[in-house]
Amino acid sequence: MDLKKIIFLALAIAVFVSCSDDEEDSLNNLRVEAQEDSFLLKWDGGNGNDMVYRSTGTDEPVFYADPESWGRFENYDLELGLTYNYQMVRHDENGAPTGMKTSVVSVDCEGFEPNIANVEISKSPSNPYHASISWNAYFIRDISSGYYIKINKKEETDLNFSYLATVDNIVGEGTYIDEWALSPGERVDYEVVLYDEADNIISSGDNFIRVDHNFDLIPTNVSVSIISTSNQTFHISWDPAGDAEEYSIDFRVNNEGWSDDYYTGTNTEGDFEIYGTLEDGDVIQFRVAGHKDDYTEYSDVAEITW
């Protein structure tokens, strides 16, 4: 082979190997971007061993977090007015830092404003008639104690919001329970408003809830047993649902489709006869429904093998 071709081929291989190694081992170009309420860190050449180092002021960065994503980390734990220093440092398989690291990037935590976000309305876990209003308050821990939140409410027939409550002790995540606020089918709107010490509105958020019903209609602990094989009769019992005014039973055999509802009134147990011949190995499934007004909820399925 021509000597020039050999040299060219050797250089080409060397360049290819060098680029591949650099690309695999590189850790550089750390960028820090200010988001609405956080700093977003991005860097090149990341892998699962890259750790976030952080410090404030003039201190050298020290280990801060193990990012969940390669090449990306969002830092929410910030205080207004501080300067943050970030650096990415690669650790070895034993968790020890190596000499591979990015340059330090310093950024001032300023320009952020206290704000209310993520207003969510839901039924309270403790009582389905209670409305749970929750929100996030960003950078609140750094503002004066004169700030406060007002919660306003608007029912479906109201034209405007009206005052409901004041929250003085503001933290990052807040919740307020409006008791007995929810009625079946009706919409309720809530507004969360942040004020400063001069009673100026700083930020606000709102949301609403409309529930199909708030009734406890689901029977529990459904039990079924065979009481007569000749008559194909079963005994079924269940624990009552708090708001159910009457109950019904339906069944299916071998997953072939549910029967009509057979109403039992207010009884929470009874005997149930299935017509048509059952065969050995047939799987019979029963479920119980609680009823109130036009609303129905079914229990979990209870099954028995014939």
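Every Cα-Cα pair of the range 31-107 was included, and the share exceeding 19 Å stands at 29 percent.
The gain in end-to-end length when the residue 207 to residue 235 segment is fully stretched comes to 5.3 nm, 0.36 nm per residue minus the alpha carbon separation. Helical runs (DSSP H, four residues minimum) scored at -39500 (n - 2.57) apiece and divided by the length of the chain put the mean residue ellipticity at 222 nm at -2500 deg cm²/dmol. Stretching the chain fully between residue 262 and residue 35 yields a gain of 75.8 nm (0.36 nm per residue, less the alpha carbon separation). Looking at the range 31-107, the accessible area is 54 square angstrom per residue; that uses a 1.4 Å probe and ignores ligands, DNA and RNA.
Looking at the range 171-267, the pairs of alpha carbons with a distance over 21 Å make up 61% of the total.
Leaving out ligands, DNA and RNA, what percent of the accessible area of the chain is carbon and sulfur, probe 1.4 Å? Carbon plus sulfur share of accessible area: 45 percent. Using the Cβ-Cβ distance between residue 223 and residue 187 with R0 set to 51 Å, the FRET efficiency works out to roughly 0.85. What the Cβ-Cβ distance of residue 113 and residue 28 gives, at R0 = 35 Å and to the nearest 0.05, is a FRET efficiency of 0.60. Over the range 216-287, the ratio between the Cα radius of gyration and 2.2 N^0.38 Å evaluates to 1.13.
Looking at the range 187-306, the accessible area is 54 square angstrom per residue; that uses a 1.4 Å probe and ignores ligands, DNA and RNA. For the range 75-126, the list of chymotrypsin sites (Phe, Trp or Tyr not before Pro) that fall in a loop by DSSP and count at most 12 other C-beta atoms within 10 angstrom reads 76.
Restricting the calculation to Cα atoms, every distinct pair contributes to the Kirkwood radius of the chain, found to be 26.1 Å. Using the Karplus relation 6.51 cos²θ - 1.76 cosθ + 1.60 with θ = phi - 60°, the per-residue 3J(HN,Hα) values for the range 180-188 come to 6, 9, 10, 10, x, x, 9, 9, 10 Hz, with x marking Gly and Pro. Ordering 286, 268, 258 by the projection of their Cα atoms onto the charge dipole of the range 255-300, which places +1 on the Cβ of Lys and Arg and -1 on the Cβ of Asp and Glu, puts 268 at the extreme positive end.
Restriction of the chymotrypsin sites (Phe, Trp or Tyr not before Pro) in the range 163-233 to DSSP coil positions whose beta-carbon has at most 11 other beta-carbons within 10 angstrom yields 180. Remark: spin-label model distance residue 103-residue 80 equals 3.1 nm, labels positioned 7 Å along the Cα→Cβ axis. Sites listed here are GluC sites (Glu not before Pro) in the range 187-293 whose DSSP assignment is loop and whose Cβ has at most 10 other Cβ atoms within 10 Å: 256, 279.
The values are calculated or read from the model by the stated rules, or taken from the named source; none is laboratory data. Every value quoted in this text rests on a predicted model; they were computed, and no experiment measured them. Ideal geometry is used to build each Cβ from the backbone, glycine not excepted, and the neighbour counts take in all protein chains shown. Protein only, heavy atoms only, side chains kept; ligands, DNA and RNA dropped before computing areas. Shrake-Rupley method; radii C 1.70, N 1.55, O 1.52, S 1.80 Å.
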